[in-house]
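In what follows, a structure is listed as structure tokens, so that the remarks can point back to it.
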Amino acid sequence: MKEHSIRDNTMMKLKMLLPTVMKDQKNNAIFFYTARRTFVAVSLLMLAMSGCRTNKGLSDNKQQPNILFIAIDDLRPQLGCYADTIVQSPHIDKLAGSGVLFKRAYCQQAVCSPSRTSLMTGRRPNTTKVWDLKTHFRTTIPDVVTLPQYFKNNGYHTQSIGKIYHDPAEAQDALSWSAPEILALTKKDGKYVLPSNLKSKSSKAAATELADVPDNAYIDGQVADQALEVLGKIKDKPFFLAVGFRRPHLPFSAPKKYWDMYDREKIPLPVQHTLPSNIPAYAAHNSEELRGYSGIGSGNSIADSITRELLHGYYAAISYTDAQIGKVLAELDRLNLTRNTIIVLWSDHGFHLGEKGLWAKATNYELDTRVPLIIAAPGKGRGITSDRLVELVDLYPTLAQLGGLPVPEGLEGTSLAPLLTKPDQPWKSAVFSQFPRPWQYKGEPATMGYAMRTERYRYVEWRNFKTGEVKAMELYDHQLDPGEVNNIANIPENSTLIHELQQQLRDGWQAARPGGF
């Protein structure tokens, strides 16, 4: 309002001045010279004001905030800051103590490429039309401006190290970055170091690897080293630095010292639930991702000894990644950059570790869709948590607003900036995920499972993708059934509740936002 007032008053004075100039014949040249100078000055002032409006918020800090964008692959909220009593994650826990930890954050599709595409474009999977690992968003929405591309277009140096988009070379996006991607592709010698695994003809050898090697023998240690080097080069200009770590994605490989942090026998086995008996077969899967690795065995069950080894490996991989993140954060401090850097830590989706007999991701269940999310921003909340329902698709508008940039039109998330100062204010009534069946398909999926998580319930509709016909439903009451083992969708007493949830799902994400549509 103040900017408009100054501009309007200045324009009014100019209008009053010009007639005076036109009427004065005696000093015509002098007055026209004065009027021209006034007009130029006003034009420059208005242009400057326009710039202030475009970058509203930057003038307060007098310096554009940097963005450190930390991605982790396949990490569910298995961290000390999320109340896990076994895992050792001191560096991520310390980061949570300097920012806001979101206890109920959800991805839009529980598999790598669709989830990362949704986050990086600020659009949901049915808009990006990326539901698998092969489709690139530039073929479906070619003109979209990605999150880092938006910052690049606004004067930032944007750079990526490690896994940010999906892994293959054809999945990268040069338009997003000011410089070529570093270590964007995972090679076999980044996942394994032991000769027995490197000599395997399959890209998937053992599901775990323990080796007495330095951190940078594996790719995540190399990513951390590169991040430190790049920070030193870009520290004097506003930057958007994306650093992506692979572990704890399979294989669970980590240097020996991280395995040594845990006593395998003290790691509890998962509660071995079976799948609900009244769900469609396509709602779950046969843990194909894990079974592609050697030594897992065949059949429907996995031996307890193998399960313990896998759990041990998952914990070791988390601690290994945590240590690499600690190195990057320490360098940010050493360079005196932390005070003006927005730090975001997120995982692309969750992970099953034997619960309900499932391993890995690729379902619509809570353990696959819920993710860790931490935002530490200068001048915002420190060491606080938020129980509000939020989504990864919210990060694009959040970072735009925190960076003092206008939030672009067309985004399908909601800025979380208000929650960074008032974390428990009324917020979304629901968040949304989806997963197609069949999973590996050519063209459009036959069936899409649409999941909605409310404060209390998880409701899933499996629909014919083309006609929208509902083929099956799932309903889980998290107040009574946090493990989601009892599908209560077909109980007659729940018919009114089902009708309400059906309508809420159809109203969609727009109606679920604070303030509704």
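The values are calculated or read from the model by the stated rules, or taken from the named source; none is laboratory data. Nothing here was measured: the structure is a model prediction, and the numbers come from that model. Cβ: placed from backbone, ideal geometry, glycine included. Neighbour counts: every protein chain shown. Note: accessible area is taken over every heavy atom of the protein model, side chains too, but ligands, DNA and RNA are not part of it. Shrake-Rupley method; radii C 1.70, N 1.55, O 1.52, S 1.80 Å.
Using the charge dipole of the chain (Lys, Arg: +1 at Cβ; Asp, Glu: -1 at Cβ; taken about the Cα centre), state which of Trp509, Val193, Gln272 has its Cα farthest towards the positive end.
The residue sitting farthest along the positive end of the dipole is Trp509.
In whole Hz, with x marking every Gly and Pro, tabulate ³J(HN,Hα) for region 244-249 from phi via Karplus 6.51 cos²θ - 1.76 cosθ + 1.60, θ = phi - 60°.
x, 9, 7, 6, x, 4
Of the heavy-atom accessible surface of region 378-482 (probe 1.4 angstrom), what whole percent is carbon and sulfur?
Working: 2060 of 4190 Å².
That share works out to 49 percent.
Let me spell out the model: positive unit charges on the Cβ of Lys and Arg, negative unit charges on the Cβ of Asp and Glu, origin at the Cα centre of the chain. What dipole size does that give, in debye rounded to 20?
On the way: 61 positive and 53 negative charges, 428 e Å.
So the dipole magnitude of the chain works out to roughly 2060 debye.
Put +1 on the Cβ of every Lys and Arg and -1 on every Asp and Glu Cβ in the chain; which of Gly449, Thr341, Tyr218 then has its Cα farthest towards the positive end of the dipole?
Thr341
What is the set of long-range amide H partners of Phe245 at a cut-off below 5 Å, with H atoms built 1.01 Å from backbone N?
Those lying under 5 Å, H to H, from Phe245 are Ala71, Ile72, Asp73, Lys163.
Please report the spacing between the Cα centers of region 250-277 and region 442-517 in Å, no decimals.
Using only Cα atoms, the two centres lie 31 Å from each other.
Using a cut-off of 12 Å between beta-carbons, work out the net charge of the residues near Thr421 (Lys and Arg +1, Asp and Glu -1, Thr421 not included).
Details: positive: Lys380, Arg382, Lys422; negative: Asp424.
Value of the local net charge: +2.
Obtain the nm distance between the two label points defined at Ser98 and Lys471 by a simple spin-label model: each point lies 7 Å from its Cα along the Cα-to-C-beta direction.
Distance between label points: 4.8 nm.
Residue by residue through region 395-411, what is 3J(HN,Hα) from phi via Karplus (6.51 cos²θ - 1.76 cosθ + 1.60, θ = phi - 60°)? Round to whole Hz and write x for glycine and proline.
Each residue's phi maps through the Karplus curve to give 5, 4, x, 4, 5, 4, 5, 5, x, x, 9, x, 6, x, 6, x, 6 Hz.
How much length would be gained if the chain were fully extended between Ile306 and Lys188, taking 0.36 nm per residue of separation minus their Cα-Cα distance, in nm to one decimal?
Values: separation 118, 0.36 × 118 = 42.48 nm, distance 2.27 nm.
Taking Ile306 through Lys188 to full extension adds about 40.2 nm, to one decimal.
Can you figure out the FRET efficiency of Asp236 with Ala174, using R₀ = 41 Å and their beta-carbon distance, to the nearest 0.05? Show your work: numbers first, answer last.
Numbers: r = 24 Å, r/R0 = 0.59.
My answer for the efficiency is 0.95.
Order 426-433, 110-117 from most to least packed using the mean count of other Cβ atoms within 10 Å. Present the calculation step by step, with values, prior to reporting the outcome.
On the way: 426-433: 21.1, 110-117: 26.1.
Going from most to least packed, we get 110-117, 426-433.
Taking only protein heavy atoms and a 1.4 Å probe, what accessible area per residue, in Å², does region 358-500 have with all protein chains in place?
Values: 5510 Å² over 143 residues.
Averaged over the residues of region 358-500, the accessible area is 39 Å².
Using helices alone, what [θ] at 222 nm do you get for the chain, with -39,500 (n - 2.57) per DSSP H run of 4 or more residues, divided over all residues and rounded to the nearest 500? The partial results should precede the final answer.
Details: 17 runs with 179 residues, N = 517.
Mean residue ellipticity at 222 nm (helix-derived): -10500 deg cm²/dmol.
Can you give me the accessible area per residue for region 179-290, using a 1.4 Å probe, in Å²?
On the way: 5310 Å² over 112 residues.
Here the residues of region 179-290 average 47 Å² of exposed surface.
Which FRET efficiency, nearest 0.05, do Asn336 and Ala217 yield, Cβ-Cβ r, R0 35 Å?
Working: r = 31 Å, r/R0 = 0.88.
The computed FRET efficiency comes out at 0.70.
Determine the shape class of region 293-360: with a ≥ b ≥ c the square roots of the Cα gyration tensor eigenvalues, call it rounded for a/c under 1.5, and otherwise prolate if a/b is greater than b/c, oblate otherwise. Don't jump to the answer; show the numbers that get you there.
On the way: a/c = 4.95, a/b = 2.81, b/c = 1.76.
Prolate shape, in that a/c is at least 1.5 and a/b is the bigger ratio.
Sort region 395-517 into rounded, prolate or oblate with this rule: let a ≥ b ≥ c be the square roots of the eigenvalues of the Cα gyration tensor; rounded if a/c is under 1.5, and if a/c is not under 1.5, prolate when a/b is larger than b/c, oblate otherwise.
Oblate, because a/c is 1.5 or more while a/b does not exceed b/c.
Give me the accessible area of Glu265, 1.4 Å probe, in Å² rounded to the nearest 10.
Approximately 130 Å² of Glu265 is accessible to the 1.4 Å probe.
Cβ under 9 Å from His478's Cβ, His478 left aside: what net charge do those residues give with Lys, Arg +1 and Asp, Glu -1? Intermediate values should be presented prior to the final figure.
Values: positive: Arg453, Arg456, Arg458; negative: Glu366, Glu455, Asp477, Asp481, Glu484.
My count for the surroundings of His478 gives -2.
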